[in-house]
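Report on the following structure.
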């Protein structure tokens, strides 16, 4: 569990503020959607109470964050042929087949 005290008026929504902190698994940032989900599930509290993700933070507010536990996944990469349209040092353009999953995710 981590606590963050707001020392000055910041005028930011709690979901935006927390998404900019390093609080996720392996101390990485969380997406705003993940933060909103954690707020609705009660894993992020403000002054010990549940709040809406749109709450605007004020001076002396205390955010308590229960660290999100990473989900073990059995998703394995597949060695599949890709139709590469263009590639250079900075970009890769792939002609993705219809129905190919590009961002698999397991939800709690």
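Across the stretch 2-65, C-alpha contacts under 8 Å between residues 6 or more apart give a mean separation that, scaled by the residue count, equals a relative contact order of 47 percent.
Full extension of the chain segment joining residue 59 with residue 101 gains 10.7 nm, where the gain is 0.36 nm per residue of separation less the Cα-Cα distance. Scaled against 2.2 N^0.38 Å for its residue count N, the alpha carbon radius of gyration of the stretch 2-65 is 0.98. Stretched out straight at 0.36 nm per residue, the stretch from residue 93 to residue 20 would grow longer than its current Cα-Cα span by 23.3 nm. Here r is the Cβ-Cβ distance between residue 79 and residue 2 and R0 is 30 Å; the resulting FRET efficiency, rounded to 0.05, is 0.15.
Coordinate-derived values only; no laboratory data. What you see is a predicted model, and the numbers here were worked out from it, not measured in a lab. Because the Cβ atoms are built from the backbone with ideal geometry, glycine has one as well, and the counts that use them run over all protein chains shown.
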